[in-house]
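S.K.: Dropping the structure in here first, questions after.
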């Protein structure tokens, strides 16, 4: 029977981060991954033509740049294992129906000049908005890379200062609520609101304004491009784990977690083989998979499975198209916009709100794709002179007519309509420029990874009732689960989905329970 100190179930980037820190601390760690390679949502593959490295879920790494894992290089992913990041001077761009455009530069003054074409008021308001967001985030003192406080305690602390009260007000508001408070032009309202939706929020969802606070980040560390593809991060983590004696098993499915006398003992594979864990099992899966499918109800506290069942799933999920191109897109907007590797086509605010309202009722739309051409800054992703293109659109998982199963019938049709939106704003996206295309529907995302219930790579929406110390459930936000030696990491845990590197927070709790000093594991810089 195989035995390790710790078994990590799921080799997404958070599971790998947990495993890497524990392996560096000298523990015998085993990562078990269902897919044929680790990475989860942070993976790069050649899905259409040889030599074209395509990111199949995440593509640019923003939030993780503030994580000490990266900016202090705690695991030597950059200095030893070859991870490199590129920082574009154009962080984000928005193209409007009339082919006017707004560019968010890393330089905030240049950004304000771009905003000024639409509104002098908004150009003057934008730096104040960024300063305000930075101030209230600091006042919130929310630890994104360490364990969060219990939600009630967090609210109590926030209520003790004016800035904290403002932080709480914002995170309880919708994106459109806050956009309308700061900006007068439809262009700025549409841009800030649509950006928030990238985290699978609807613009009217209460709690979606939390993500609007990310705009100052563009002017700090910035959104960064991992050289060679998004999977460069997880490839570096994999090398770190193996270098420190860890084991990684791919193409290996877990069907159950073994529990005896209220304590986790290991995992049972689909083959009925068992892998035992002396010290801990860490789940990177959706908590509904873990507690409803892999652990018997009698091994959990009374009523706990019912609480897990009540976790709310959303209905917004991604439709992704990946292209191999002869040349990068050329936009009718012209000028600097053609250097933007990260761009969103934005309808009017009214149309955007109506589209997301329709989406909530299962009606697809095609008017606001995100268009990412990372080869503008990272030519290693394609053969010389060629380009990759990533077109991402938000769609309902359950369609009004036919539910999720209907995606198999309409995937290509809706993808074509999204592509046509891009063509309306470009001069060179005809068939002669397209060498190959790969499409993944919301249903395909779930098929790829059963943790993406309803196609949601965040596992479930980041509403305030399901965030911070409330994630995954009130009272269970400290990564320890109601079975001894069982922990969670990944999108079901704080801080949620996206490339945050939240596994660093989980591993601090595990090390505390194992009497390992986290600070001594990390070499001083």
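The values are calculated or read from the model by the stated rules, or taken from the named source; none is laboratory data. As the structure is a prediction and not an experimental result, all values here were calculated from the model. Note: ideal-geometry Cβ built from the backbone for every residue, glycine included; neighbour counts use all protein chains shown.
S.K.: If residue 485 passes every condition in (1) closer than 24 Å to residue 42 by Cα; (2) surrounded by 18 or more Cβ atoms within 10 Å (Cβ to Cβ); (3) modelled with pLDDT of 95 or more but one, which one does it miss?
M.R.: (1)
S.K.: So, one more: Could you list all residues from segment 429-466 that are part of a loop (DSSP other than H, G, I, E, B), surrounded by fewer than 17 Cβ atoms within 10 Å (Cβ to Cβ) and either in contact with a strand residue (DSSP E or B) (Cβ under 9 Å, 6 or more places away or on another chain) or free of Cβ contacts under 8 Å to residues at least 40 places away in the same chain (or both)?
M.R.: Residue satisfying the conditions is 430 alone.
S.K.: Something else about it: Does residue 292 satisfy the condition of being under 30 Å from residue 482 (Cα atoms), in contact with a helix residue (DSSP H, G or I) (Cβ under 8 Å, 6 or more places away or on another chain) and surrounded by fewer than 18 Cβ atoms within 10 Å (Cβ to Cβ)?
M.R.: yes
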